[in-house]
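See below for the structure under consideration.
The values are calculated or read from the model by the stated rules, or taken from the named source; none is laboratory data. All values reported here derive from a predicted model rather than from experimental measurement. Ideal geometry is used to build each Cβ from the backbone, glycine not excepted, and the neighbour counts take in all protein chains shown. Areas reflect the complete protein model, heavy atoms only, side chains present, ligands, DNA and RNA absent. Shrake-Rupley method; radii C 1.70, N 1.55, O 1.52, S 1.80 Å.
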Amino acid sequence: QVQLVESGGGLVQAGGSLRLSCAASGSIFSINAMGWYRQAPGKQRELVAQVTRGARSNYADSVKGRFTISRDNAENTVYLQMDSLKPEDTAVYYCNIRTGRGVYWGQGTQVTVSS
């Protein structure tokens, strides 16, 4: 059993910042990649950012230069620093981890950016 606990979502004005955290626990053998996805109303879930165990990261074009993903391997935790937020960043953000045994998702945390 793997549990992902997310925190850090909320309401912020455009131009503001939020930091999301996701801590993984349970029967984790080895985490390969950790990332964040988001889903806005009426839209498909999309990758926001992902970081490998070796700290290589990739980002959606829409967030490059504004969001920064990082991970703490010792704590099995992934972070998403979101700066210069825009109303179009409003969505439910989901933590995602990929291990040798499967892919796991968090419950989601709401991020709302007001204009």
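Results for (1) touching a helix residue (DSSP H, G or I) at 6+ places or on another chain (Cβ under 8 Å); (2) charged (D, E, K, R); (3) without any contact (Cβ under 8 Å) to a residue 24 or more places away in the chain, shown as yes or no for each residue.
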| site | (1), (2), (3) |
| --- | --- |
| PHE67 | no, no, yes |
| LEU80 | no, no, no |
| GLY100 | no, no, no |
| GLY106 | no, no, no |
| VAL113 | yes, no, no |
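Scanning the range 73-98 for residues that are open to solvent by 40 Å² or more (accessible area, probe 1.4 Å), in contact with a Cys (Cβ under 8 Å, 6 or more places away or on another chain) and over 11 Å from ALA49 (Cα atoms) returns no hits.
Inspection of the range 57-68 identifies no residue that is in contact with a Pro (Cβ under 9 Å, 6 or more places away or on another chain), open to solvent by 20 Å² or more (accessible area, probe 1.4 Å) and modelled with pLDDT of 95 or more. Can you work out which of the residues in the range 62-115 that are part of a loop (DSSP other than H, G, I, E, B) and hydroxyl-bearing (Ser, Thr, Tyr) is farthest from LEU18 (Cα to Cα)? Per the criteria, the residue is SER115. Give the residues of the range 10-37 that are open to solvent by 20 Å² or more (accessible area, probe 1.4 Å) and modelled with pLDDT under 95, sorted by residue number. SER25, GLY26, SER27, ILE28, PHE29, SER30, ASN32 - these are the residues of the range 10-37 that are open to solvent by 20 Å² or more (accessible area, probe 1.4 Å) and modelled with pLDDT under 95.
Filtered by the rule that a residue be open to solvent by 50 Å² or more (accessible area, probe 1.4 Å) and in contact with a Leu (Cβ under 7 Å, 6 or more places away or on another chain), the range 38-55 gives no residues. Would you check which residues across the range 1-30 are farther than 25 Å from SER84 by Cβ, more than 15 Å from the chain's Cα centre (by Cα) and of a type outside the set (S, T, N, Q) and list them? Selection gives VAL2, GLY26, ILE28, PHE29. Scanning the range 100-115 for residues that are polar (S, T, N, Q) and buried (at least 18 other Cβ atoms within 10 Å of the Cβ) gives a single hit, THR109.
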